[in-house]
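Asks: Before we start, here is the structure in question, set down as structure tokens.
Each value in this text was obtained by applying a stated rule to the coordinates, not by laboratory testing. Note that the structure is predicted; figures quoted are calculated from it, not measured. Every residue, glycine as well, gets a Cβ built from its backbone with ideal geometry; the counts of neighbours run over all protein chains shown.
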Amino acid sequence: MPSSGSLIPAEQIARIIYVIRGHRVMLDADLAILYGVTTKRLNEAVKRNLRRFPEDFMFQLTPEEFAVLRSQNVTSNAGSGSAILKSQFATSSPGWGGRRKLPRAFTEHGAVMLASVLNSPVAVGASIQVVRAFVQLRGMLTAHAELARKRAAEEAARRAAEEEGRRKAEEEHKKRLAEEDARKKAEEEVKRKADALVQKRLDQAAVAQPQAPIARQAPGLIAICPE
């Protein structure tokens, strides 16, 4: 267990902060290792001071929550872990092996209250690192959220630009079709007028052309052509 002179880095503590029921929490066995006590002694201290641990400070996991958390932890931490912070989910861990009761989960305020209840130099020193870990995790989540927001904004801007480009392309295409249609109609109108003009001139020419006289002969007379 850690001594008063060896503080565990906040980065390492942040790895054993979980999100349960929408709260960032640490489990009793992990806090027991950090605070230099056994899990049994830690829970006995909690029982003697239950009024100091409202639901937003501490709550006990359900069997379903514990089963899900254990499966997630085993999957994510396979082949890794800290030499100082032992996972309570490993079969060799005193926090998990032979455990009969469901673990308690402590929020940041609950972890600080727990150190106050234990009232030992190790617990007080470790609680400072625990708070730093929670603060660091909040900062990381905030940074990730800001990055996600920035990426979402960039993606939205990209999609808007693409949509605007498609809209302009469609408008340009419609404009070209309209211009082509107008050009064809204009050409047809010019051709129609030209055809009408040609026909008018032909009609006028036909009216103005003199007709040759037609020879007439008297009835009963035979026209004799001179030899």
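Asks: With each label point set 7 Å from Cα along the Cα-Cβ vector, what nm distance links R176 and E164?
Replies: Roughly 2.2 nm, to one decimal.
Asks: Which lysines does K101 reach when only Cα atoms under 17 Å apart count, and residues fewer than 8 places away in its own chain are ignored?
Replies: K40, K47
Asks: Taking every pair of distinct Cα atoms and averaging 1/r, then inverting, what Kirkwood hydrodynamic radius in Å comes out for the range 140-183?
Replies: Its Kirkwood hydrodynamic radius stands at 12.9 Å.
Asks: With a point put 7 Å past each Cα toward its Cβ, work out how far V207 is from E155 in nm, to one decimal.
Replies: 7.8 nm
Asks: Here's a follow-up. For the residues T142, T38, T107, what sequence is obtained by ranking on other C-beta atoms within 10 Å, fewest first?
Replies: T142, T38, T107
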